[in-house]
Amino acid sequence: MSMRKINIGLIFWLLALFACESPSPEQAVEGSEAAAPDRSDYHSYARPEEARITHLDLRLDVDFEAKQLSGLARYAIEQAEGADSLTLDVRNLNIQRVTAGTGAQEREVAYTVSEDQEYIGSALRIDIGPEDEVVTVYYKTDPDGADALDWLAPQQTADKEAPFLYTQGQAILTRTWIPIQDSPGVRITYEAQIQVPEGLLAVMSASNPQEVAPDGKYNFTMEQPIPPYLLALAVGKLEFAPIGDRTGVYAEPSVVEDAVYEFADLDDMLASAEELYGPYLWDRYDIIVLPPSFPFGGMENPRLTFATPTIIAGDRSLTALVAHELAHSWSGNLVTNATWDDFWLNEGFTVYFERRIMEALYGKSYANMLAQLGYQDLMADVKDIGPESEDTQLKLDLEGRDPDEGMTDIAYEKGAFFLAMLEGKVGRENFDAFLREYFEKHRFQTLTTEEFVQYLEKNLLEKYNVEANIDEWIYGAGLPDNLPVPTSERFAAVDQAAASFKAGAKPGQLDTDEWTTHEWLHFLRQLPEGLSEERMAALDEAFGFSQSGNSEILAAWFEKAINNGYNKNIMPQIQAFLVEVGRRKFLAPLYRAFVESGQREAALDIYEKARPNYHAVSRNTIDEILGYEGSKG
Ligand code: BES
Ligand code: ZN
C-alpha cells in the first residue's frame with residue numbers, strides 16, 4: 001500500500017475531485033511503491049501500513065509519591081488511502097482522552113481499548129479522519145502495572161539521598177509507559193518535555209542536559225528515527241562528568257569518579273568502532289550508571305547506554321560490555337531487527353563487533369578469551385534448550401510467546417560465530433568491507449533475516465564466489481560442524497592449573513600470578529562438581545572469592561558454592577549479593593542452583609527480602625524459577 005503525507009494542497013485537490021465526481025481519489029493519487037516485504041510483527045497490534053506514527057512529542061510529569069507518569073503523547077502521523085483508524089499498543093495504561101486534527105486544531109475523537117492480553121497488552125484504536133495529521137493521547141501510567149518502570153526509594157540507590165526512576169523498553173515494555181506502535185519495524189523521531197522534582201536530573205535516549213535545571217523541567221530531542229524499544233528515561237540525583245570530547249558519564253555523585261576511571265578508554269573504543277564500520281551517527285555517546293537493580297548488564301539506548309554498576313570492577317576488566325552497547329549504535333540502532341524473530345541480527349552482529357573492538361584495543365589474546373567464554377556459554381545454552389529444539393535456530397518463531405523467551409545465547413553467540421565463519425570464508429578485509437557497506441546501505445532501516453540473507457548472497461557469497469551452509473546456520477537447529485571453535489593460549493595455562501587442582505594440588509601451589517578476571521572465570525567454570533567443603537574452603541581462603549569486588553567472579557563462585565553445598569558457610573555474602581544486585585544474568589543461575597541442589601526454601605527466604613529490589617524483568621524470571629506465588633498475608 002502506498003504511503004503519503006497528507007498536505008493541505010492535496011486535500012483541496014481531492015475535495016475538488018469529489019465535488020465534480022471525477023475518478024476516485026485512490027486512482028487520482030501518485031503511483032504505488034514496490035511491494036513491501038512481510039514484516040508482520042505478532043507482538044504488536046499496530047498496523048503501520050494503514051496509519052503510522054512518524055514523530056512523538058512526549059510531555060510527562062514524574063510523580064515519585066504516586067509512582068506515576070502523567071501527561072500526553074502527541075504524534076505526527078502518516079496514513080494510507082482509506083485508513084480510518086490509528087492503532088497503538090498500550091499495556092496497563094490509563095487513557096483519559098484522545099484528540100486528533102491538524103497541527104493547529106484538534107477535536108475530541110472516539111477510541112477503543114481491546115481486552116488485555118498477557119504481556120502483549122491491548123490495541124488502542126483511534127478514529128481518524130483522512131485529513132488528520134496529528135493525534136494526541138492524554139494518559140497516566142499504572143503505579144503497579146508499568147513493567148518498564150523501576151521506581152526506587154532513596155535506600156535503593158548508591159547515595160541513599162533521593163528517589164530514582166529508570167525505564168527499560170526492550171523488547172515490548174515501552175507500551176507500559178507510552179502508548180506507541182511498539183514494533184521494532186516502526187521508526188520515529190521524538191522530542192520530550194519532562195517535569196521532575198526539584199534537584200533531580202532527567203536524561204533520555206536523546207540530546208541530554210549536563211546540569212540540574214532549577215525548575216526541574218527538561219527538554220529533549222532525538223532527531224534520528226529510532227524504534228520504540230529504544231525510548232528511555234532516567235531520573236535521579238545524577239551528575240555528569242566528561243571522559244572525552246564526545247563521551248561522558250552520568251552517575252550518582254559517589255559513583256562518578258569510579259565510573260570515569262573505569263570507562264577511561266571510551267573515546268578509544270568509539271574511534272576504533274568507527275574505524276571498523278563507519279562513522280558514529282548519533283553525535284554524543286554517554287553512559288549512565290544506574291542503581292544495582294537494573295536487570296541487564298547494559299542497554300543500548302541511543303546516545304546514552306544504560307549500565308549496571310556491577311561492571312565497575314575497579315580494574316577496567318569488564319568493559320567488553322561497554323564495547324557491546326557501543327557496537328549496538330551500528331548493529332541494532334542503525335540497522336534494526338524487523339521483528340523479535342530476527343533478534344540475532346541485533347545481538348549476533350553486536351557480539352561479533354564487540355570482540356573486534358576489544359581485539360583492536362587490547363589484542364587478540366584478550367578477544368580470544370572473550371570468544372572462548374562465549375563459546376562455553378553457547379554450548380551450555382544449546383544443551384539446556386536441547387540441540388534439536390527450534391529455539392536453537394538463528395531465525396526464531398516466537399509467535400504466541402513472550403519475546404523474552406528468544407533472548408538466549410543462540411542469538412548472541414551462534415549469531416557471532418556465524419559471522420566469524422563468514423569472515424573465515426572471504427578473509428577479514430573483504431568481510432569488513434562488506435559489513436561497512438551493509439551498515440551504510442541500511443542505516444536507519446529495519447531488516448528481516450530473509451532480507452539480510454538476500455543481501456548476503458548477492459554482496460558477499462556471489463561477489464567472492466564462495467559457498468556456505470547459510471540455511472543450516474539460520475534455519476537449522478543445533479550447531480553446524482563448521483562453527484569456528486575459538487582457542488585461547490592464555491586459557492591453556494589456566495587449564496593446566498585447573499588440572500593440577502583436580503589432581504589434588506593445594507591452591508597455593510597454582511601459578512595464578514598473572515591472571516586477570518577472564519582467566520579466573522575460566523578457572524571457576526571448570527571446578528568439578530562434588531568438591532569437598534574443605535577443598536572449597538581452601539580455595540576461598542587462598543583466593544578470597546567470597547570477598548571479591550568483581551561481580552562476575554562473585555556470581556561464578558557463588559554458583560559453584562551452591563552446587564557443592566559450600567554455600568552454608570558464606571550465606572551472608574550470597575544473601576547480600578542477591579538482595580543488592582538485580583541483574584538477571586547473575587540472579588537466574590544462582591536461584592536455579594538453589595532449586596536444583598534441593599535448597600529451594602533457603603532461596604525463597606532470600607527472595608522474600610530481595611524481590612522488592614528487583615525490576616519486573618528479573619522478578620518475572622525468578623518468580624518462575626522458584627514457583628513463587630507471592631508472600632501470602
Ligand atoms: N539489548 C541487550 C539487552 C536486552 C536484550 C534487553 C533483550 C531486553 C531484551 C543488551 O545489548 C545486552 O545484550 N546486554 C547484555 C550485555 C552483554 C551481552 C555484554 C547484558 O545485559 O548482559
Ligand atoms: Zn546486546
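The values are calculated or read from the model by the stated rules, or taken from the named source; none is laboratory data. Keep in mind it's a predicted model, so treat the numbers as computed, not measured. Cβ sites come from the backbone with ideal geometry, for glycine too, and all protein chains shown count toward neighbours. The area values use the complete protein model at the heavy-atom level, side chains included, leaving out ligands, DNA and RNA. Shrake-Rupley method; radii C 1.70, N 1.55, O 1.52, S 1.80 Å.
I need the peptides 580-590, 523-533 ranked by packing, meaning the mean over residues of other C-beta atoms within 10 angstrom, with the highest value on top.
580-590, 523-533
Mind ranking 113-123, 605-615 by how tightly packed they are, going by the mean number of other C-beta atoms within 10 angstrom, highest first?
Those peptides, ordered most packed to least, come out 605-615, 113-123.
For the range 425-494, what does the equivalent ellipsoid look like in terms of its semi-axes, each the square root of 5 times an eigenvalue of the Cα gyration tensor, given largest first in whole Å?
Ellipsoid half-lengths, sorted descending, are 26, 17, 14 Å.
FRET efficiency for Glu49 and Asp397, Cβ-Cβ distance as r, R0 = 30 Å, nearest 0.05?
For R0 = 30 Å, the calculated efficiency reads 0.85.
If you count only protein heavy atoms with a 1.4 Å probe, what accessible area per residue comes out for the range 483-526, rounded to a whole Å²?
On a per-residue basis, the range 483-526 sits at 52 Å².
Do you know the relative contact order of the chain, to the nearest whole percent, from alpha carbon pairs under 8 angstrom that are 6+ apart? Before the final figure, lay out the partial values.
On the way: 1187 pairs, mean separation 63.2, N = 633.
Here the relative contact order equals 10 percent.
Angle, helix 584-596 long axis vs. longest principal axis of the chain, Cα atoms, 0 to 90°, nearest 10?
Orientation of helix 584-596: about 60 degrees from the principal axis.
Probe of 1.4 angstrom, ligands and nucleic acids ignored: what's the accessible area per residue over the range 330-475, in square angstrom?
Numbers: 5620 Å² over 146 residues.
Here the per-residue accessible area is 38 Å².
Could you pull the accessible area for Glu106 with a 1.4 Å probe, rounded to 10 Å²?
In the full protein context, Glu106 sits at about 60 Å².
Which of the lysines could a cross-linker span from Lys217 if the Cα-Cα distance has to be under 29 Å and same-chain partners fewer than 8 positions apart are dropped?
Lys67, Lys140, Lys160, Lys237
Can you give me the Kirkwood hydrodynamic radius for the range 330-475, using every pair of distinct Cα atoms, in Å to one decimal?
15.7
Once Lys and Arg get +1 and Asp and Glu get -1 on their Cβ, which of Val196, Ser122, Asn92 lies farthest toward the positive end of the dipole of the chain?
Val196
Within 10 Å, count the other beta carbons around each residue, average over each peptide in 431-443, 159-171, 328-340, and list them highest first.
Order by mean packing, descending: 328-340, 159-171, 431-443.
What full-extension length gain, to one decimal in nm, is calculated for Arg436 and Asp481 as 0.36 nm per residue of separation minus the Cα-Cα distance? Mind showing how you got there, number by number?
Numbers: separation 45, 0.36 × 45 = 16.20 nm, distance 2.77 nm.
So the chain would gain 13.4 nm between Arg436 and Asp481.
Would you tally the net charge around Gly582, using a Cβ to Cβ cut-off of less than 10 Å, leaving Gly582 out, and scoring K and R as +1, D and E as -1?
Cβ neighbours under 10 Å give a net charge of +2.
For the chain, what is the percent of antiparallel DSSP beta bridges, rounded to the nearest 5?
Antiparallel bridges: around 80 percent, rounded to the nearest 5.
Scaled to the compact-protein estimate 2.2 N^0.38 Å, what is the alpha-carbon radius of gyration of the range 472-559, rounded to two decimal places?
Details: Rg = 15.9 Å, N = 88, 2.2 N^0.38 = 12.1 Å.
This ratio for the range 472-559 stands at 1.32.
With an 8 Å cut-off on Cα pairs and a minimum separation of 6 or more residues, tell me the relative contact order of the range 244-307 in percent.
Relative contact order, the range 244-307: 35 percent.
Would you mind computing, in nm to one decimal, how far apart the modelled labels at Lys463 and Glu529 are, each placed 7 Å from Cα along Cα→Cβ?
Those two pseudo-labels are separated by 4.8 nm.
Hey, any idea what % of the chain's accessible area is carbon plus sulfur with a 1.4 Å probe?
Reported share for carbon and sulfur atoms: 47 percent.
Roughly how many Å² is the accessible area per residue of the range 155-227, as a whole number, for a 1.4 Å probe?
32
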